[in-house]
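Inspection log for the structure reproduced underneath, given as structure tokens.
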Amino acid sequence: MREALLGYVMFLILFLLTVKSLAFLIDLIYELYPQWKINREIKKIVRNNKK
């Protein structure tokens with residue numbers, strides 16, 4: 001019985017850590033994505049100005 005409980009607790013901790021890291025990754029993507037989009041727009045403008 002104790003082993004099962006221990007396994008459950010371990011699973012719960014791992015699950016929580018995974019959810020936390022996923023949320024962190026999503027936050028990171030949302031932070032970086034607009035920046036990447038803006039950079040692409042800037043590159044387009046620069047390219048058009050060179051012509």
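Summary of values
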| item | result |
| --- | --- |
| Under 20 Å from the Cα of LYS51 - aspartates and glutamates, other chains or at least 8 residues apart | GLU41 |
| Set of aspartates and glutamates with alpha-carbon distance to LYS20 below 18 Å, sequence-local pairs under 8 removed | GLU31 |
| Rg over Rh [alpha-carbon atoms, Kirkwood Rh] for the chain | 1.53 |
| Between 0 and 90°, nearest 10: helix 2-50 axis offset from the chain longest Cα axis | 0 degrees |
| Neighbourhood charge, 12 Å Cβ-Cβ cut-off, centred on LYS50 and excluding it, Lys, Arg +1 and Asp, Glu -1 | +4 |
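Since every read-out is calculated from the coordinates, none of them should be taken as a lab result. Given the structure is predicted, the values throughout are model-derived calculations rather than measurements. Positions of Cβ are backbone-derived with ideal geometry, glycine not excepted, and every protein chain shown enters the neighbour counts.
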